[in-house]
Each structure stands twice: as structure tokens, then as C-alpha cells.
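Here the structure is laid out as C-alpha cells; the discussion comes afterwards.
Please treat every number below as a calculation from the coordinates, not as lab data. In this text the structure is predicted, and so the values were computed from the model without any measurement. Please note: Cβ atoms are built from the backbone with ideal geometry, for glycine as well, and neighbour counts cover all protein chains shown.
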Amino acid sequence: MQTDIEKRVEELEIKAAFAEDLVETLNRTVFRQQEQIEVLQRQLDDLRRQVQSMPAGGAPTSLRDEIPPHY
């Protein structure tokens, strides 16, 4: 028969194990989110460069970008 202290220690060990698992899961989630943020930041930087390289006035840069005359 387990004593009261042994039961409490066992419960604390179980809680600690669950807490460790949760922390590890959260760490993996934060790591993946940071990777996604870095990818999105690179994409945003690329878009900024594209916008800055566009001619003033937003004129189309090629005939494909122009609206046909019948519109």
C-alpha cells in the first residue's frame, strides 16, 4: 500500500512528464512558425524590390500587361 507521500510524488512525476512533453511540442511549433516567418519575410522583401523597380505611374512594363483597347 502506497503512502500518501508516495502517491503525491507519483502524481508530481506524471505532471512533470506531461509538462515536458508540452514544452517540447510548443518548442517545435515555435520553431516551425519562425521558419514560416522567415520565408514570408523573404517573399515580402522580394515584392518590395519588385514594386520599387516598377516605373513611376504604374505604367505597364510589357504589352502583355496592357489592357486591350476594346475594354
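Annotations
- If R0 equals 35 Å, the separation of the Cβ atoms of Gln36 and Glu13 corresponds to a calculated FRET efficiency of about 0.50.
- Entry for percent of Cα pairs over 13 Å apart (calculated from the structure that is shown) out of (1) 80; (2) 59; (3) 64: (1)
- Against the main long axis of the alpha-carbon atoms of the chain, helix 4-53 sits at an angle near 10°.
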